[in-house]
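> Let me begin by handing over the structure; questions about it come next.
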Amino acid sequence: MSPTTFGWLVLLFPLLGCIVIGLGFKQLKGRSSGWIGTGAIALSFAASLGALFSLLGRTPAHREITSTLWSYASSVGVDAKLQILVDPISVFMILVVSGVSTLIHLYSVSYMKSDRGIVRYFAYLNFFVLSMLVLVLAGNFVLLIVGWAFVGAASYLLISFWYRRSTATRAGIKAFVINVVGDVGLVLGTFFIFRDTHTVQFLATFKDIHHVYHKDSTDLVAGCVLFLVGAFAKSAQVPLHTWLPDAMEGPTPVSSLIHAATMVTAGVYLIVRLHPLFELAPTAADVGAIVGCLTLLIAGSIGVVVTDIKRVIAYSTMSQIGYMIMGASAGAYSAALFHLMTHAFFKALLFMAAGSIIGAMAGDQSLDRMRGFRKALPFTFICFLVGGLALSGMPPFSGWLSKDDIIGYLSHRGGLFFVLAIGGWIGAFITGLYTFRMIFRAFFGDPCPEAQELEHGHLAHAEVPRNPMNGEVEDTDVGFPGPEHVIAEREWPMRIAMSILALLAVVGGFIEIPGVDHVISTFLAPSFVGSKLAAEQPSTKDAWIGLIITPILGLAGITIAYRYYIARVGASTKLQERFAPLHNFLVNKWYFDELIDLVVVRPALMAGQLTESVLERVVIGEGVTGGVVGAVRAGSAAVRRAQTGFLRYYAAAIILGLSCVALYFLISST
Amino acid sequence: MAIGWYLTVSALIFCIGASGVLTRRNPLVVLLCLELMLNAANLALVAFARMWGNEAGQIFALIVMVVAACEVTVGLGLIVAIYRRNLPIDVDELHELNG
Amino acid sequence: MSAVLFFIAAILAISGAIGVVTLRNPFYSVLALVGHLVALAALFLLLRAEFVAAAQVVVYAGAVMVLYVFVVAYVGGGEEYAAGAALRILGPLFALALAVELCIAMLGTGLSGISGKGAPYVLGFGTPRQIGRLFLTDYLFPFEAASLLLLVAAIGAVVLARRRRGLDEEEAADPDFQRRLHQRRPTFTGTMAEGAGLRVAIEEIEQVRAAVTENAPSRPPTGVTE
């Protein structure tokens, strides 16, 4: 079977899964919807493998294949078709997406087992995977935009999954609105490019790009900057990042899938896919790289001080995606995708483990109250450790190889990018710091009451279910989390999923060791044939120098975390007091939320209120509608005065009318 | 006499009747003036019948007379009913059919 | 000669009309109208409409006006209220305007149709025989329709003017009146109850009831129609 057939199959299975689960919600009892969902995505993964092997069966020159089902709109010069493009980039992405999604579906089967909305959950999750696969398989801008929008919608649905929680719904709306800003950027960028190239298909655009634009032409830069806006919104880069921490309101598997492994990487995918445009517009690429670097530093700094465990991991995601965006904008395409893959492994693992420890804490997510779970949750601890080491870039874990791939390329490219590489190294240090702060606080020290209970074999339960963010009392009916909390130690689906990811986090990097093997870059090479930037790779020697520097910095971060959180108890609080203003600034997330509120939200609200009170009420309500009503009323009142009921007036009217008619006939007959 | 004379008389009687309808307040008198107008029409009809030598005008005039009789009957019945209910016999006072 | 007669009749008709409109007492107005009708009949005769003239006098002046006289006598309306404010002036004004227009129409245009003496006289024009023949052949439908209209009007008048309130309280409370109302009429006097066959049935019921309950109070039989 040809690669594109496999491509369509990859899309078909989640679609069927979504429809079957969605329509059969009354019939599916217990966890059957979970198994159906997991099976659908597993089949999709199998089809992705099929696509991979059939693609490998072709010569490298023939590995960019499109397939069209039908034509959406072929008028006014637009050639929008339902078309997928199967090439190394998209096959790589669908493998990662469907693979990690299968594991997360498996995890969710036990995580959501007592939730009354489990069927709805799996329908949404399958829909999300379908949208993400559409996004990465799209062969033209139109289908990309469709996948992009669907992914945003799925994210909204899943963030506000526990819809009776006000914090969750607010977070969902915030995520959706910011994503819409990105959608606007993406669509406008498409229009800019379409205006000059007159085609929306990727391959045709890339072929024509050199004839249509010259280097750094304003139109192209504008279009690419708009694409970057879209990428930033979806990948939570500064300044469109404020939705990601709030998105942690969703169930933990959702955070793990959407906000770690897949949706937030869509921005990276976008830049890599449109690399010919970005290479021809270096200004835009520089903007992307700088923003990526800024994000990784800002997010890392905030991650050091937040106390909610899921939000630490969220800021970590933001930071790592900053690396990927930086790398993709600079030209390290295969490195960025490599880091995307390994990041998917260890970040999903970290979130899954976080879900386990949150279950042990009966829904509480605060690091302030978690302590000493090492003995009570051994498996979770190991997973956290593996994920944390991979994240911090410790050898021989996958994160070490992938993160340094990016930083090595940047330092090799030199100039501005060397400065950004230094930012990357600082980021590596901060990464080690916050990751192990989290691990040391949660797993070391005297066990907290819940940990003690668990050591005696009894899983803690909150008497009154509460919203972990603001402490509001809730219940466990539909729209809220279910009554049961689960830990990995007791659920075999969770353990299987986490073990596979842990294994991948350990060995996943070994396919791209500099100087030894380059499976990924060789596989992806056909997609980057015309790219000058992709051809310049650092030498093996330079790469190994970087590979030594990065873990040293990571280790430095880990040691400092050890010093402050384990060696000297209470040292962190003293440090907090000493640097209180800085601490406040970081805890308030660099005041980005307040800034956006001031600059965007309040003016919009005021404009809306002004429009409502003036335009809507006065002009339209009283002026136009009221005016019409008043005119009709006045007219009717005037006419009504003729209905007096006085016989003689009626007779007079008749006689008068008769006279007028007679007069008319008199005049017209002369 | 030329027909025009008869038609002029008819017009005059019609207009006198019209002014009576507009001016008087006693419904009985209003009905009487209405009769005047009908008679004027009759005169015109008969005059034209004579002019064309066609009796259709006279037939028409007879039917008009029948109609006038019916209308007077019903109208007077109304007035009697009004009188029986002790309402004022004044066209200006009976104005509730309005709006 | 006919011109003289025409003018006399015309002047009588117009003065009768003016009399109807201006006389205060409605009774006098009725009389003025009668005079007007007779003058009009004379005009009809001048126009060779004999049957119409006769019908005018017999039916209109004779029957309809007599009905009018009865009603005026019943209703009265001696005191005439003053004519309402604006229409006292505007009314005649409108009518005058209409009159002027009509006159202009007739005299000013010089209609070819109304100049000259008219069609030649055919013997039997306007006679009852002619009118009758026409009524029963060419104009049968209006004839029948007019009869139906008369029937409807007659019924309507009766319905409009009948008493509808039934017995008022003092009559209902008066035992004498009640006794007379419900008194048994002698048989074969043609009462409605007899005609409907109810009297016999009622008598039989009364006998049965009397046989069953000795001291049954006599109640008004329910079969008596109003």
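No value in this document is a laboratory result; all are computed from the given coordinates. Small disclaimer: the values here were computed from a predicted structure and weren't measured. Positions of Cβ are backbone-derived with ideal geometry, glycine not excepted, and every protein chain shown enters the neighbour counts.
> Rounded to a whole number, what is D in µm²/s for the stretch A:289-350 from Stokes-Einstein with the Kirkwood radius over alpha-carbon pairs (37 °C, 0.692 mPa s)?
282
> Quick one: angle between helix A:626-640 and the longest Cα principal axis of chain A, in degrees between 0 and 90, rounded to 10, please.
Long axis of A:626-640 versus the principal axis of chain A: about 20 degrees.
> Using the Kirkwood radius over C-alpha pairs as Rh, can you work out the diffusion coefficient of the stretch C:1-78 via Stokes-Einstein at 10 °C, viscosity 1.306 mPa s, in µm² per second?
123
> Quick one: A:133, A:277, A:244, A:16, fewest Cβ neighbours within 10 Å first, how do they rank?
Starting with the residue having the fewest Cβ neighbours, the order is A:16, A:277, A:244, A:133.
> Still on this model: Could you order peptides A:646-657, C:45-56 by the average number of other Cβ atoms within 10 Å of their residues, highest first?
Descending mean neighbour count gives C:45-56, A:646-657.
> May I ask you to derive the FRET efficiency for residue A:446 and residue A:628 from their Cβ-Cβ distance with R0 = 60 Å, giving the value to the nearest 0.05?
My answer for the efficiency is 0.20.
> So for the stretch A:1-41, what are the equivalent ellipsoid semi-axes in whole Å, largest first, each being the square root of 5 times an eigenvalue of the Cα gyration tensor?
Equivalent-ellipsoid dimensions as semi-axes: 25, 9, 5 Å.
> Within 10 Å of each Cβ of C:30-37, how many other protein chain Cβ atoms are there on average?
Averaged over the peptide's residues, the number is 3.
> Just grab the label-to-label distance for residue A:212 and residue A:458, each label 7 Å out from Cα along the Cβ direction, in nm (one decimal).
6.9
> Which ³J(HN,Hα) values, rounded to whole Hz and listed in residue order, are derived for the stretch B:46-63 from phi using the Karplus coefficients 6.51, -1.76 and 1.60 in 6.51 cos²θ - 1.76 cosθ + 1.60 with θ = phi - 60°, glycine and proline given as x?
5, 4, 5, 4, 5, 5, 8, x, 10, 6, 4, x, 6, 4, 4, 4, 5, 5
> Something else about it: List the relative contact order of the stretch C:18-59 as a percent without decimals, with contacts defined as Cα pairs under 8 Å and 6+ residues apart.
28
> Here's another thing I want to ask about it. Mind checking B:77-85 for the average number of partner chain beta-carbons within 10 Å of each residue's beta-carbon?
The shielding value for this peptide is 6.
> On a full-extension model of 0.36 nm per residue, what is the gain between residue A:466 and residue A:56, subtracting their alpha-carbon distance, rounded to one decimal in nm?
142.4 nm
> Same structure, new question: Would you mind working out the magnitude of the charge dipole of the stretch A:156-587 relative to its Cα centre, with +1 at each Lys and Arg C-beta and -1 at each Asp and Glu C-beta, to the nearest 20 Debye?
Magnitude of the dipole: close to 600 debye.
> Of all trypsin sites (Lys or Arg not before Pro) in the stretch A:336-420, which ones are in loop regions per DSSP and have a Cβ with at most 15 other Cβ atoms within 10 Å?
Loop-located and lightly packed - A:369, A:375.
> Just to be sure I understand the model, the point goes 7 Å from the Cα along the line to the Cβ. What's the resulting residue A:166 to residue A:602 distance in nm?
Computed distance between label sites residue A:166 and residue A:602 equals 2.2 nm.
> Between the helical axis of A:88-111 and the dominant principal axis of chain A, each derived from Cα atoms, what acute angle in degrees is found, rounded to the nearest 10?
Tilt relative to chain A: about 90 degrees.
> Give the long-range amide H neighbours of residue A:238: residues separated by 5 or more places, or on another chain, with amide H under 5 Å away, using H modelled in the peptide plane at 1.01 Å from N.
A:295
> Taking the Cα centre of the protein assembly as shown as the origin and placing charges on Cβ (Lys, Arg +1; Asp, Glu -1), which of A:69, A:520, A:353 is farthest toward the positive end of the dipole?
The Cα lying farthest towards the positive end belongs to A:520.
> Could you grab the relative contact order for chain A? Cα pairs under 8 Å, six or more apart, rounded to a whole percent.
Once normalised by length, the contact order is 13 percent.
> As an exercise, use a Förster radius of 35 Å and the Cβ-Cβ distance of residue C:119 and residue C:4 to find the FRET efficiency, rounded to the nearest 0.05.
0.90
> What does the highest-first list of A:503-516, A:589-602 look like by mean Cβ count within 10 Å?
Put in order of decreasing packing, that is A:503-516, A:589-602.
> Let me ask another. Give me the lysines in straight-line cross-link reach of residue A:310: C-alpha distance below 25 Å, same-chain residues under 8 apart excluded.
Straight-distance partners of residue A:310: A:113, A:174, A:234, A:347, A:375, A:403, A:574, A:589.
> Take residue C:67 and residue A:478, extend 7 Å from each Cα along the Cα→Cβ direction, and tell me the distance between the two endpoints in nm.
Distance between label points: 7.8 nm.
> Quick one: Karplus J couplings for the stretch A:566-574, per residue in order, coefficients 6.51, -1.76, 1.60, θ = phi - 60°, nearest Hz, x for Gly and Pro?
10, 4, 10, 6, x, 5, 5, 5, 5
> Please rank A:437, A:490, fewest neighbouring Cβ atoms within 10 Å first, as an exposure proxy.
A:490, A:437
> Okay, moving on. Which Cα, out of A:564, A:434, A:203, lies furthest along the positive dipole direction of the stretch A:156-587 (beta carbon charges, K/R +1, D/E -1)?
Toward the positive end, the furthest listed residue is A:564.
> Still on this structure: With only alpha-carbon atoms in the gyration tensor, what are the semi-axes of the equivalent ellipsoid for the stretch B:7-84, in Å, largest first?
They are 27, 16, 4 Å, listed from largest to smallest.
> Specify, per residue and in Å³, the volume enclosed by the convex hull of the alpha carbon atoms belonging to the stretch A:156-587.
Roughly 137 Å³ of hull volume per residue.
> Treating the beta-carbon of each Lys and Arg as +1 and of each Asp and Glu as -1, no other charges, what is the dipole magnitude of the stretch A:521-665 about its Cα centre, to the nearest 20 debye?
It comes to approximately 380 debye.
> With every atom except the alpha carbons ignored, what do you get for Rg and Dmax of the stretch A:462-578, in angstroms?
23.6, 63
> Right, another one. Amide H to amide H under 5 Å from residue A:82: which residues, 5+ apart in sequence or cross-chain, H placed 1.01 Å off N in plane?
A:69, A:70, A:71, A:72
> Could you list B:95, A:214 in order of exposure, starting from the residue whose Cβ has the fewest other Cβ atoms within 10 Å?
By the 10 Å Cβ count, ascending, the order reads A:214, B:95.
> Nearest 20 debye, what's the magnitude of the dipole of the stretch A:179-304 about its Cα centre given +1 on Lys and Arg Cβ and -1 on Asp and Glu Cβ?
Dipole of the stretch A:179-304, to the nearest 20 debye: 160 debye.
> When N counts the residues of the stretch A:593-669, how does its alpha-carbon radius of gyration compare numerically with 2.2 N^0.38 Å, as a ratio?
2.37
> Each residue of the stretch C:126-139 in turn: what ³J(HN,Hα) in whole Hz from Karplus with 6.51, -1.76, 1.60 and θ = phi - 60°, glycine and Pro shown as x?
Couplings: x, 6, x, 4, 4, 4, x, 4, 5, 4, 9, 10, 6, 10 Hz.
> Assuming 0.890 mPa s and 25 °C, estimate D for the stretch A:306-433 with Stokes-Einstein, Rh taken as the Kirkwood radius over Cα pairs, in µm²/s.
Translational D for this selection: 161 µm²/s.
> Please give the helix A:492-507 orientation as an angle from the longest Cα principal axis of chain A, in degrees from 0 to 90, rounded to the nearest 10.
Helix A:492-507 sits at roughly 70 degrees to that axis.
> Relative to the compact globular guide of 2.2 N^0.38 Å, what is the alpha carbon radius of gyration of the protein assembly as shown, as a ratio?
The reported ratio for this selection is 1.73.
> Amide H of residue A:373: which non-local residues (sequence gap of 5 or more, or other chain) have their own amide H closer than 5 Å, using H built in the peptide plane?
Hits under the 5 Å cutoff: A:443, A:444.
> If you take each beta carbon of peptide C:134-143 and count the beta carbons of other chains within 10 angstrom, what is the mean?
The per-residue average across the peptide is 3.
> Just want the answer: with Cβ charges of +1 for Lys and Arg and -1 for Asp and Glu, which residue in C:74, A:363, A:109 is farthest toward the dipole's positive end in the protein assembly as shown?
Going by the Cα projections, it comes out as A:109.
> Per q in 0.27, 0.33 Å⁻¹, report the Debye log10 I(q)/I(0) for the stretch A:338-383, using one uniform scatterer on each alpha carbon and no solvent.
At q = 0.27, 0.33 Å⁻¹ the computed log10 ratios are -0.97, -1.19.
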